[in-house]
Each structure stands twice: as C-alpha cells, then as structure tokens.
Amino acid sequence: MNFAPQIPVNGLSLVHGATDRPLSEDTVHALLASAAKRWPQREAAVFVEQGLRWTWAELLQQVEWAAAGFLALGVKAGDRVGMWSPNRAEWLVTQFATARIGAILVNINPAYRLSELEYTLNKAGVGVLVSAAAFKSSDYLAMLQTLGVCAAGAGPRLPLLRAVVRLGDEPSAGMVNWSQLMASGKAQVDALPPEGDLSCFDAINIQFTSGTTGAPKGATLTHHNIVNNGRAVGDCMRLTEHDSLCIPVPLYHCFGMVLAVLACVAKGSKMVFPGEGFDARATLAAVATERCTALHGVPTMFIAELDHPDFVSFDLSSLRTGIMAGAPCPIEVMRRVQSEMHMGEVTISYGMTETSPVSFQSATDDPLGKRVTTVGRVLPHLSVKIVDLEGQVVPVGQTGELCTRGYSVMQGYWDDPERTADSVRDGWMHTGDLATIDAEGYANIVGRVKDMVIRGGENVYPREVEEFLFTHPKVAAVQVFGVPDARYGEALCAWIITRAGMVCTEAEILDFCREQIAHYKVPKYLRFVDELPITVTGKPQKFLMREAMMRELGLSQISTA
C-alpha cells in the first residue's frame, strides 16, 4: 500500500494522505469474524497473568457467548455498556461482544474514583457496567456500593444503571458474575441477531478524555472510525499473521483498543497481554517467552524497560517493530530502543482520541533521522493542516495549531453539542497541539497550545527545551512548563529525574545550558524529583506540576499574555 502522501500544497502546511485503497466498511465484529475465518487455529490472544490462550476461533466463540449474555440482560443496539477494568481477557471479549450486538462500549479509566465514575456513568447513560473487583489501590466494588449499588438495585445516584457484571468468582450483592453472563449467553447464543443489521457508521464506542480543565468529554467513535484506523496502523508496521504484538498499554485507551487490538485483528497478528497493568519486568518476560515481534508503549514505559536491572537477561532479538506514542519521545530513548531492543523498524505515531486516534505515523523504512525527530507522515484518507491564530494555513515549516479532517474524526462529544462545535469546525478537528510540517510532509509536534510559554514576548516551546536537557548525561526524564513571573509574565520551570545512582546539581544544569541555548529558554526554576505525575497511559500531567510549583513559590494565576 502507498503511504507516501502528497507534498504540501503550494508551499503551505496542508497535506493529504494517499487514497489508492478504498476505506473499509466492515463493522468491528466483521473484522473479527474475518480473522476467525482466515486463521481459525492460529493463536489470537494470550493473557499471561490469567494463564489464558485463545485461537481466533476460540476468541470468536467467547465473544458470541458474551454477546448473547448481554442480550439476555436486556442490552439492545445503541445501549451503553460500561467497561471498568484493567487489561483482562474479559475486556477484550466485551469490546467485541458489545460491537456484535450494536451496543456502545463506554471505556472507563481504571484510575477513576467516585466522582469521576459517577459522572461518566450518568453522562453516557450506562445501563450495564462490567467491573473488575479492584485494581491497585482502587476498590471498585466498594466504590460502586458507596454509589448505591446493592441487592435492591443501583440507587438514586446512578438512576440509569440496570445491572453490574462483576469479574471474579466471589458473589456481590446486586451484581451478576461474569461466569453467569457467559453461561446465560452460551445457552442462548442462537438468539443473536444477524450481524448484517448493523451499519459501520453507527456509534460503537465512547472514550472519555482526561482534560485538565472541566468535566471529561466523551469522544464518540464509530466502527468506521476505528476499524479503518486500526487497519492503517497495522499497515504502517507491516504486520501479518506471523507477527505477535506485546500489549502493556491499557485497553481502555485508544492505544490499546485500536492501535494494538484492532491493528492485530485486521492483520491476524497474535495479541500478548503481559498483565493487568504495566510492569517493566513482566513486559520484557512476555516478549522473550512469546517471541514477540512487536511492542507498544509510551516513552516512560520504554525507559522503564531499558533501565530495568534485569534488562540484559531477556532475549529480545525477536522484536522488529511497534509503536512509541502517547507523549513526545526523547531522541536518545528512540535510539536506544532501536539498538538495544532490536526494534529497528519501530514507528512513532501521533493522534488523539477524537481522531480515532492516529493522524501521523512513521513508516518502518523511513530514514532514521525522520523517525527520531518527527511523528511521520499523514495516514491514508486523512488531511491535515497547520493554522495560525486567525485560522489561516501557515507556510511549510512554521508553527501553528494542527487540524485533522477525514474518516477518523469523531461523531462528536457525547451529549455535548457546544464543546463539539468548539472543537470540530467545518469537518476539521482542532487538536490544540502545536506542530510544524516540513517540505516532505513530515510533522513535528512542538507542544500544546496551552503549554506554550510566553516569556517577555518570546514564544518558548517546552518540548524543545526538554529535548535539549535530555541530552545531559545525568538526566533520565524531564518536563518543562511555565509559571507566573512578575517581570516577564511567565518563567520556565524544569522538573528533572536523574539517572539511577547519579547526583546532579542546579549549577551543573545551568552550566550545561549556558552558551548552548538562548537565555530566555534557560529554566529559572529547577527541581530534582523522584517521579513525575503521569496518567494511566503514561502522559505527564504538567498542570499538576505547575500547580505544585505555584504553591511552593506562593504564586497565583498563570499569565498567558
């Protein structure tokens, strides 16, 4: 397939993806059914922690039983089914079982607590919730009971919730066990309606974005959105039925659900899940034992794997490709992944939940320089432009806001027309990301519009400073952000994690900066920390760092002028 996009139009930052192959009109279930028909006895999924291994035929059978079980609970096409769980086999089955009957899967962040859970369940109108018993420090069942789930029903705080299906064998008042759901479905599987009754343009998934301000927004995606994005991503990695992908990234997020699962289903590649949550050693062990040829992760995951004390004891020579995404990738980390983890064909991708998610991805044979400094080129059937504050397309090489248009753009935010209209204008999804596009169509993500620091009239892009600081031999991780400053409006602050066993001082960092970067890019405040606040998907939460720094310095509202 031809992934080379057109050269930017008329010297402007506007590119169009290739259109030589038509888009698929398969539903999510049709994609799985096709895989099961083509490779029935090949292994489809391995859940290491649960000790489960399924062929494609066995996975399809599990899905059919679960789908019939949901029907028996009264779930109909268009109904919302919530999934609140870490990476487990039941998550994968529920993803396809809901799609089989046209129900809309609502992905619930495993890190959510009471108020977030209550909000998302009610906002999306979830009628049936599939829930794990617990994950890490979160007692899911206790939270549900606090919200009123009991033998008598869900209670007034969750007025639309009709049933809870809990994972595990222990009984819970007012809940159905997963085994009961499956037994019920197995007995009634013949009652499943024809799959052809569904349209690929129907909404099939709601994913709540973890914004830094305001209530979470439910990005509503269709079969057409995510099936085509999964296919394109699999094409970029050159996946086939002979590949196996290690998936330590969470299923609740597009990275796991689309870039991993749907990419594998589209190509027949085996899915390997090391555990419920990310663990560097478990991931390395799964790659070595299952002879995985591909591995996904955010940069923090790859850093943890590379720096694990047992790293050299694992044979990773089977690896070839994978995706590093979710946050800006430090160049040095990319180089180590290619050399020390044997991932010579590792790709970088960029996107957002609202675009299903990938808009740009590097190819396995892109020049090394492009793969370590850009996020690749636009995917087929998508258009991307970079605009200034007035909405005008900027010349090639200039910085502006990245906007995406095409099949991947969401239907909208669930039950939120105002915020939908603010984000999607004339079919263009305004991402809020600052980017550039070069003369060959490669994109570079500079940062977030809201993260750009304006110091004394100079625009400072934190990622540029982060990339520079990361070249210091003692720096393992770094995040740069702005804080209020009486003189300049904003000043730069850097939080740094040093490499294991190393001690670094503020003076060393400042000396390193001197004469190498412009004075206005040198951080005014430096803090050495043991860890950075991150989301479940590994994205650094700069707003939390900023708030903590403002409290420490006794500062008030951030200046953006």
- Scan (1) more than 24 Å from Ala18 (Cβ to Cβ); (2) part of a strand (DSSP E or B); (3) not acidic (Asp, Glu) for the single condition Ile386 breaks and write down its number. (1)
- Query: Filtering segment 395-421 down to residues that are farther than 22 Å from Gln361 by Cα and among the small types (Gly, Ala, Ser), which residue is surrounded by the fewest Cβ atoms within 10 Å (Cβ to Cβ)?
  - Reply: Ala421
- Quick one: would you say Gly447 is closer than 29 Å to Ala304 by Cβ, touching a Phe, Trp or Tyr at 6+ places or on another chain (Cβ under 6 Å) and small (Gly, Ala, Ser)? yes
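Looking only at strands (runs of 3 or more DSSP E) that lie completely in segment 245-350, which have at least 1 residues being open to solvent by 10 Å² or more (accessible area, probe 1.4 Å) and of a type outside the set (Val, Ile, Thr)?
270-273
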- Any idea which residue in segment 207-221 is farthest from Ala363 (Cα to Cα), counting only those that are open to solvent by 10 Å² or more (accessible area, probe 1.4 Å) and touching a Phe, Trp or Tyr at 6+ places or on another chain (Cβ under 9 Å)? Ala215
- Query: Of these, Val449, Val424, which one is within 23 Å of Gln541 (Cβ to Cβ) and open to solvent by 30 Å² or more (accessible area, probe 1.4 Å)?
  - Reply: Val449
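Take the conditions among the hydrophobic types (A, V, I, L, M, F, W, C), open to solvent by 30 Å² or more (accessible area, probe 1.4 Å) and assigned to a strand (DSSP E or B) and apply them to Ile454. Does it pass? If you could, list the steps in order and put the result at the bottom.
Working: among the hydrophobic types (A, V, I, L, M, F, W, C): yes; open to solvent by 30 Å² or more (accessible area, probe 1.4 Å): yes; assigned to a strand (DSSP E or B): yes.
Answer is yes for this residue.
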- Note on the structure: Log entry, pairs with first residue in segment 457-474 being over 12 Å from Leu492 (Cα atoms) and part of a helix (DSSP H, G or I), second being among the β-branched types (Val, Ile, Thr) and open to solvent by 30 Å² or more (accessible area, probe 1.4 Å), beta carbons closer than 7 Å, six or more apart or on different chains, reads Glu467/Ile331; Phe468/Ile517
- Does Val453 count as at pLDDT 90 or above, in contact with a helix residue (DSSP H, G or I) (Cβ under 7 Å, 6 or more places away or on another chain) and not aromatic (Phe, Trp, Tyr)? no
- Selection status of Val233, open to solvent by less than 30 Å² (accessible area, probe 1.4 Å), out of contact with any Asp or Glu (no Cβ under 9 Å at 6 or more places or on another chain), part of a helix (DSSP H, G or I) and in contact (Cβ under 8 Å) with a residue 40 or more places away in the chain: yes
- Message: Could you go through segment 181-197 and let me know if any residue there is over 22 Å from Phe96 (Cβ atoms) and either at pLDDT below 95 or assigned to a loop (DSSP other than H, G, I, E, B) (or both).
- Response: no
- Please verify whether segment 106-120 includes one or more residues that are modelled with pLDDT under 95 and basic (Lys, Arg). yes
- Query: How many residues are more than 16 Å from Val249 (Cβ to Cβ) and touching a Cys at 6+ places or on another chain (Cβ under 9 Å) when one looks only at segment 294-318?
  - Reply: 2
- Please specify each residue of segment 500-531 satisfying the condition of being of a type in the set (Lys, Arg), closer than 26 Å to Pro299 by Cβ and either touching a residue at least 60 places away in the same chain (Cβ under 8 Å) or loosely packed, with under 12 Cβ neighbours inside 10 Å (or both). Lys521
- Message: Checking the conditions here, which among Ser172, Ser115, Ser138 is free of Cβ contacts under 8 Å to residues at least 12 places away in the same chain and among the polar types (S, T, N, Q)?
- Response: Ser115
- Message: Just to confirm my filter: which helices (runs of 4 or more DSSP H) fall fully inside segment 34-124 and include at least 1 residues that are aliphatic (A, V, I, L, M), open to solvent by 30 Å² or more (accessible area, probe 1.4 Å) and touching a Gly at 6+ places or on another chain (Cβ under 7 Å)?
- Response: 56-72
- Counting only residues in segment 532-548 that are assigned to a loop (DSSP other than H, G, I, E, B) and within 16 Å of Val478 (Cβ to Cβ), the one most open to solvent (accessible area, probe 1.4 Å) is identified as Lys539
- Would you be able to tell me the number of residues in segment 427-446 that are open to solvent by less than 50 Å² (accessible area, probe 1.4 Å) and assigned to a loop (DSSP other than H, G, I, E, B)? 4
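For every residue, the table says whether it meets (1) among the small types (Gly, Ala, Ser); (2) surrounded by fewer than 20 Cβ atoms within 10 Å (Cβ to Cβ).
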position: Asp139; (1), (2): no, yes
position: Leu144; (1), (2): no, no
position: Ser172; (1), (2): yes, yes
position: Gln188; (1), (2): no, yes
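The values are calculated or read from the model by the stated rules, or taken from the named source; none is laboratory data. Fair warning: this is a prediction, and the values are worked out from it, not measured in the lab. Don't worry about glycine lacking a Cβ; one is built from the backbone with ideal geometry, like all the others, and counts go over all protein chains shown. Just the protein is used for accessible areas: all its heavy atoms, side chains included, with ligands, DNA and RNA removed. Shrake-Rupley method; radii C 1.70, N 1.55, O 1.52, S 1.80 Å.
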